[in-house]
Amino acid sequence: MTTLNENLTKLFPAHIAQLQQMTKTALSRENLEGIVIHSGQEIKAFLDDNSYPFKVNPHFKYWLPLIDIPNSWLVVNGEDKPTLIYYQPIDFWHKVTPLQESYWNDFFTIKILTKASDVDKLLPYDKKGFAYIGSHIEVALALGFEAINPEPLLNYIHYHRGYKSKYEHECIRQSSMLAVKAHQAARHAFLQGDSEYDIQQAYLKSIGYGNNDTPYVNIVALNKNCSILHYTALDKLVPQVHQSFLIDAGANFNGYAADITRTYSYKNDKFAELIARMDQLMLNAVSGLKPGISYVDLHIETYKAIGEVLREFNFITVDADTATESGIISSFFPHGLGHHLGLQVHDVGGFMADERGTHVNAPAEHPFLRTSRTVEANQVFTIEPGLYFIDSLLADLKASANSDQVNWKNVNAMRGFGGIRIEDNIIVHKSHNENITRDLGLI
């Protein structure tokens, strides 16, 4: 049986070859000699000597799975073996992470940097032909870089980041495996009556995570809090009754994110029926995710399908076509269908029509879409339709000319449940979709 490390060892060479070819082409197009990628550095809080949690530059972790090493650098030109300048200080205040032997080491010329300010001794002397990629502009200027995050170069890279290598697919599978395990622990905590805070602790403990290890701040919401799309408050008090539970939470593996959402009802009630119906709708949307289609078109189809659910459950008094035309569905489904997934949770390149970065706007009626790009093989997406009962949006709807299209008695009965979102992570292959989340047993 092939171990995980053996599988990564097998897949990594093709990943590096893909990045080398992409870099070579990009440099030729932009008349550059090479790229210098900065992993980043710790940022201190204002008037404090404590730093914010370090988040590595995604362009850095694209090349190798180092996500917690600041002050490190990569020098790449698409032909020669890339150079890794690895920061390993002599420090008795903090734990120093030693360089580990791993499957990726042989693909880099590795130089050890013991003092961050000495990096210029290891970088190319003449930087005129090199572009700096990173967030610390003051550092780039001090080192003498003239080309700093050039937009045409970034556009080219971001566009091609949409196509994931088989190595990247495996990393996303592994992050999803961790997330699924943690989601199962969170569901158990909900069903035993825990608070939001305790559910979050169960999630983290199940996979050995601290609060800063997740790729984004987990959304762990009970009851009416499920209607707050980015709810992160984590009430420590157990509510008087448990009605509903929405968890939008992920995990990391080698810098690649999983992003999974589930909604549960505490009882076998009408809300549970609505969850089951939305789950069916979500899987139908996954089936529609195919090479050559527009993600915008899939969103619009799903938008109308949510209108059909609203009519089935008698939340609206008109058919789905009328609800689509009037736009009242947006009061119940105010976000996009999903997004690209990879090195970043909301991965880059979603609005690009080509390598030059030509922007494709989302339709005015659906401004919160996170991608308008044509779906192609080897891309990775989330699919996450939702149906919510949000007081502020419902108040606007009730005050509008379309108020008579809503069955307010039935809608009001659902306000305490908050809402529903169900999200799976999907790899699009030429012949089929791979629903990573379902394949790992999360239903």
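The values are calculated or read from the model by the stated rules, or taken from the named source; none is laboratory data. Note that the structure is predicted; figures quoted are calculated from it, not measured. Glycine gets a Cβ as well: all are built from the backbone with ideal geometry, and neighbour counts include every protein chain shown. The area values use the complete protein model at the heavy-atom level, side chains included, leaving out ligands, DNA and RNA. Shrake-Rupley method; radii C 1.70, N 1.55, O 1.52, S 1.80 Å.
Run the dipole for the stretch 127-234 about the Cα centre, Lys and Arg Cβ at +1, Asp and Glu Cβ at -1, nothing else charged, and hand back the magnitude in debye, nearest 20. The partial results should precede the final answer.
Values: 10 positive and 9 negative charges, 70 e Å.
In debye, rounded to 20, the stretch 127-234 gives about 340.
Can you pull the percent of the chain's accessible area that's carbon plus sulfur, 1.4 Å probe, other chains left in place? All intermediate terms of the calculation are to be shown ahead of the outcome.
Details: 10460 of 20220 Å².
After summing per-atom areas, the C and S share lands at 52 percent.
So for the pair Lys81, Lys267, with labels modelled 7 Å out along Cα→Cβ, what separation do we get in nm?
Distance between label points: 6.7 nm.
Give the accessible surface of the stretch 141-292 per residue, rounded to a whole number of Å², with probe radius 1.4 Å and ligands, DNA and RNA excluded. Kindly include the intermediate steps, with their values, before the conclusion.
Working: 6320 Å² over 152 residues.
Averaged over the residues of the stretch 141-292, the accessible area is 42 Å².
In the stretch 386-443, which trypsin sites (Lys or Arg not before Pro) are in a loop and have at most 15 other Cβ atoms within 10 Å, using DSSP for the loop call?
On the way: sites: Lys398, Lys409, Arg415, Arg421, Lys430, Arg438; in loops: Lys430.
In loop regions of the stretch 386-443 (DSSP not H, G, I, E or B), the sparsely surrounded trypsin sites (Lys or Arg not before Pro) are Lys430.
Using the Karplus curve 6.51 cos²θ - 1.76 cosθ + 1.60 with θ = phi - 60°, work out ³J(HN,Hα) for each residue of the stretch 33-38 in order, rounded to whole Hz, and write x for Gly and Pro.
Values, residue by residue: 8, x, 10, 10, 10, 9 Hz.
What list of ³J(HN,Hα) couplings, whole Hz, do you get for the stretch 86-93 from phi and the Karplus terms 6.51, -1.76, 1.60, once you set θ to phi - 60° and write x for glycine and proline?
Along the stretch 86-93, the couplings run 9, 7, 9, x, 8, 8, 9, 7 Hz.
Excluding residues on the same chain fewer than 8 positions from Lys409, give the lysines whose Cα lies under 19 Å from its Cα.
Those lysines meeting the cut-off are Lys224, Lys270, Lys398.
To the nearest 20 debye, what is the magnitude of the charge dipole of the stretch 38-127 about its Cα centre, counting +1 on the Cβ of each Lys and Arg and -1 on the Cβ of each Asp and Glu?
Numbers: 9 positive and 12 negative charges, 13 e Å.
So the magnitude is around 60 debye.
If one takes the longest principal axis of the Cα atoms in the chain, at what angle in degrees, from 0 to 90 and to the nearest 10, does the Cα axis of helix 295-312 lie?
20 degrees
Can you give the local net charge around Asp297? Use residues other than it whose beta-carbon is closer than 14 angstrom to its beta-carbon, Lys and Arg +1, Asp and Glu -1. Mind dumping the intermediate values first?
Values: positive: Lys290, Lys304, Arg373; negative: Glu301, Glu365.
Result for the local shell: +1.
If one takes the longest principal axis of the Cα atoms in the chain, at what angle in degrees, from 0 to 90 and to the nearest 10, does the Cα axis of helix 166-191 lie?
40 degrees
Greater than 25 Å separation of Cα atoms is the criterion. Which listed pairs, Lys164/Lys290; Lys10/Lys55; Lys24/Lys127; Lys61/Lys121, meet it? Kindly include the intermediate steps, with their values, before the conclusion.
Working: Lys164/Lys290 16 Å; Lys10/Lys55 28 Å; Lys24/Lys127 17 Å; Lys61/Lys121 23 Å.
Check vs 25 Å cut-off fails for Lys10/Lys55.
Cβ under 11 Å from Gly144's Cβ, Gly144 left aside: what net charge do those residues give with Lys, Arg +1 and Asp, Glu -1? Could you put the intermediate results ahead of the total?
On the way: positive: Lys127, Lys128; negative: Asp120, Asp126, Glu146.
It works out to a net charge of -1.
Treat every Asp and Glu Cβ in the chain as -1 and every Lys and Arg Cβ as +1, leave all other atoms uncharged, and give the resulting dipole magnitude about the Cα centre to the nearest 20 debye.
Details: 38 positive and 50 negative charges, 104 e Å.
Taking the Cα centre of the chain as origin, the dipole is about 500 debye.
How charged is the neighbourhood of Leu234? Take every other residue with its Cβ under 14 Å from the Cβ of Leu234, and add Lys/Arg as +1 and Asp/Glu as -1. Mind dumping the intermediate values first?
Details: positive: Lys236; negative: Asp194, Glu196, Asp198, Asp235, Asp248.
Spelling it out: positives minus negatives among the neighbours equals -4.
Mind checking which of Val180, His339, Trp408 is farthest towards the positive end of the chain's charge dipole, using Cβ charges of +1 (Lys, Arg) and -1 (Asp, Glu) about the Cα centre?
Val180
Determine the distance separating the Cα centre of the stretch 306-377 from the Cα centre of the stretch 114-179; give it in Å without decimals.
So the two Cα centres are separated by 31 Å.
Give me the accessible area per residue for the stretch 32-121, probe 1.4 Å, as a whole number in Å². Display every interim value, and only then the final one.
On the way: 5140 Å² over 90 residues.
That works out to 57 Å² per residue.
Can you give me the angle between helix 151-161 and the longest principal axis of the chain, using Cα atoms only, in degrees from 0 to 90, rounded to the nearest 10?
Once rounded, the angle reads 60 degrees.
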